[in-house]
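The values are calculated or read from the model by the stated rules, or taken from the named source; none is laboratory data. This structure is a prediction, so every number in the text was calculated from the model and none was measured. Note: ideal-geometry Cβ built from the backbone for every residue, glycine included; neighbour counts use all protein chains shown. Keep in mind that these areas ignore ligands, DNA and RNA; they rest on the heavy atoms of the full protein, side chains included. Shrake-Rupley method; radii C 1.70, N 1.55, O 1.52, S 1.80 Å.
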Amino acid sequence: MSFAEQFRDIGPTYLASERRAAIEYFTATGFPTRKNEDWHFTSPAAIAETDWLPLRDPSGQVQPDDLAPFLLGLDAPRLVFVNGRYAPGLSSRAGLRGALALDLASHWHEATCEDWLTRIALPTRDAFTALNTAFMVDGAVVHVPAETVVEKPIHIVYVTDAEAAKGATHPRTLIVADRHSVVTVIESYVTLGDATYFTNAVTEIQVADGAKVDHYRIERESERAYHIGTTEVRQGRDSRYHSFSFATGGALARVNLYTVLGGEGGETLMHGLYMLDGTQHIDHQTRIEHAAPHCASREVYKGIMDDASHGVFNGKVYVQPEAQKTDGKQTNNNVLLSETAQADTKPQLEIFADDVKCTHGATVSRLDEVALFYLRSRGIDLEQARNLLTYAFAADVLERIDQPEVRESLEALTRERFVGGGAELVAAA
């Protein structure tokens, strides 16, 4: 069956040309390879060589108790999608206070969708964005009207169930924060099994003049899964976009985050933590484009690699000629816990303005031997000392999370990973 036959009746007519453009672009370019500069350290061959099938609609087997470990202790509005399809029985819109949180499949013709869908993440952005545009059938839409402050975070949970073997989903998320609005949105990608499947997600975010968006992206997929996630952001004058990425899942995961500071006085904060073991491969690609004067950006990503895992960070700060008085700082720090773990890091600055303050730096190292000796001299055995130092390395970036429930939940996940039941030791140290 041809692409046109499969998707002619899915979605609104206003997306038809974008879908065609996307599939034509993908047909012409195909999947990227290591010859592409942005994919130099990561091969998507395992994705390209697998015949993925669209996942079946959820069977109703996912119950509220199944989601409890992934809800971060939040009492908040929640949109849940199972196998890429909206699950109203697992969702709740209570507490939105004037904002809209909708499933895309039932609201294609909302004005927000018609105005913004595929306008920020263009269909021909790259191969995976093209695939998402061509095959998207559902996702989440968040719209915050002007001057509206949403006090509770909005949690979007994309769940893949235990029946997902060789399945693929292409969820689309659209977040629009109008003038002087404030909202926190959390995207979680989680699994209830250990199947091999493919998630290809795209998120578009519009941050209007004076608006503030706090955006958390949590990737906890199956360690046999493949995950490509792309977020495109556009910022207006005096806007604030604060991002935190937490990635621990997937056999291969890649998280792309691109923002354009298009109005004077804007601010971007990007923080991230990725933790890998076994043979996992996680790749973070970021780009902050300063396109207006008097904007600031701060970026701190940390990676922890164990066993034969491989972490990648490729970040670019791009300053256009008109973006005078730019203040940008980019940092990437990595710790290798084994002799076979790998880290590749490539922080970059491209500056075409002459009145800026920009710095970047990166480190790849082992655990501090002096600190290990000090902890052991206090009666802590070698394994506990290594775990405590690793947790402390991660906690430094976790402390930058403003949302208390999210911070405490991610700290608990990290503590469990590295110190097990040793919370008392963490406090003592």
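Those residues that are more than 17 Å from THR331 (Cα to Cα), surrounded by 21 or more Cβ atoms within 10 Å (Cβ to Cβ) and of a type in the set (Gly, Ala, Ser), I need them from the range 263-282; list them, please.
Across the range 263-282, the qualifying residues are GLY263, GLY266.
For the range 171-221, give me each residue that is buried (at least 23 other Cβ atoms within 10 Å of the Cβ), part of a loop (DSSP other than H, G, I, E, B) and not charged (D, E, K, R).
PRO171, SER181, TYR197, ALA211
Looking at the range 398-422, which of the residues that are assigned to a loop (DSSP other than H, G, I, E, B) and buried (at least 18 other Cβ atoms within 10 Å of the Cβ) is modelled with the lowest pLDDT? Before you say what the answer is, go through the steps one by one.
The initial filter retains those residues of the range 398-422 that are assigned to a loop (DSSP other than H, G, I, E, B), namely 399-403, 420-422.
Cutting the leftovers down to buried (at least 18 other Cβ atoms within 10 Å of the Cβ) gives us 401, 403, 422.
Working: ILE401: 96, GLN403: 93, GLY422: 47.
Only one residue fits best here, namely GLY422.
Out of (1) within 19 Å of the chain's Cα centre (by Cα); (2) open to solvent by 30 Å² or more (accessible area, probe 1.4 Å); (3) closer than 18 Å to LEU269 by Cβ, what's the single condition that is false for ASP327?
All conditions are met except number (1).
Go over the candidates GLU219, GLU187, GLU204 one by one and state the one that is in contact with a Leu (Cβ under 7 Å, 6 or more places away or on another chain) and at pLDDT 95 or above.
Testing whether each residue is in contact with a Leu (Cβ under 7 Å, 6 or more places away or on another chain) and at pLDDT 95 or above leaves just GLU204.
When residues of the range 287-314 are filtered for being open to solvent by 10 Å² or more (accessible area, probe 1.4 Å) and under 14 Å from the mean Cα position of the chain (by Cα), how many remain?
Residues meeting the conditions: 1.
Filter the range 156-169 for residues that are farther than 16 Å from ILE218 by Cα and crowded, with 24+ Cβ neighbours inside 10 Å and give the result.
Within the range 156-169, ALA164, THR169 meet the criteria.
Across the range 42-94, which residue is farthest from the chain's Cα centre (by Cα) among those that are assigned to a helix (DSSP H, G or I) and of a type in the set (Asp, Glu)?
ASP65
Please find, among ALA16, ALA22, ALA28, ALA46, the residue that is small (Gly, Ala, Ser) and in contact with a Phe, Trp or Tyr (Cβ under 8 Å, 6 or more places away or on another chain). Quick ask: steps written out before the conclusion?
Numbers: ALA16 fails: in contact with a Phe, Trp or Tyr (Cβ under 8 Å, 6 or more places away or on another chain); ALA22 fails: in contact with a Phe, Trp or Tyr (Cβ under 8 Å, 6 or more places away or on another chain); ALA28 fails: in contact with a Phe, Trp or Tyr (Cβ under 8 Å, 6 or more places away or on another chain).
Within the list ALA16, ALA22, ALA28, ALA46, the selection yields ALA46.
Confirm whether ALA111 is free of Cβ contacts under 8 Å to residues at least 24 places away in the same chain and under 20 Å from ILE10 (Cα atoms).
Against the criterion (free of Cβ contacts under 8 Å to residues at least 24 places away in the same chain and under 20 Å from ILE10 (Cα atoms)), ALA111 qualifies.
I need the strands (runs of 3 or more DSSP E) fully contained in the range 224-316, keeping only those with at least 2 residues that are of a type in the set (A, V, I, L, M) and more than 24 Å from ARG172 (Cβ to Cβ).
267-276, 296-305
Have a look at GLU163, GLU151 and point out the one that is at pLDDT below 95, part of a loop (DSSP other than H, G, I, E, B) and farther than 24 Å from ASN83 by Cα.
GLU151
Filtering the range 99-123 down to residues that are under 18 Å from ARG234 (Cβ atoms) and surrounded by fewer than 18 Cβ atoms within 10 Å (Cβ to Cβ), which residue is farthest from the chain's Cα centre (by Cα)? First the steps, then the outcome.
Applying the first criterion (under 18 Å from ARG234 (Cβ atoms)) to the range 99-123 yields 111-123.
With the extra rule that they be surrounded by fewer than 18 Cβ atoms within 10 Å (Cβ to Cβ), the set shrinks to 111, 114-115, 119, 122.
Details: ALA111: 26, GLU114: 24, ASP115: 23, ARG119: 19, LEU122: 18 Å.
Filtering first and then ranking leaves ALA111.
Could you check PHE373 against (1) open to solvent by 30 Å² or more (accessible area, probe 1.4 Å); (2) in a helix (DSSP H, G or I); (3) modelled with pLDDT of 95 or more; (4) not β-branched (Val, Ile, Thr) and say which number it fails?
It fails just one condition, (3).
Out of the residues in the range 376-394 meeting the condition of being in a helix (DSSP H, G or I) and of a type in the set (Lys, Arg), tell me which one is least open to solvent (accessible area, probe 1.4 Å).
Filtering first and then ranking leaves ARG386.
Whether any residue in the range 73-81 is modelled with pLDDT of 95 or more and either open to solvent by 70 Å² or more (accessible area, probe 1.4 Å) or β-branched (Val, Ile, Thr) (or both) is what I want to check.
yes
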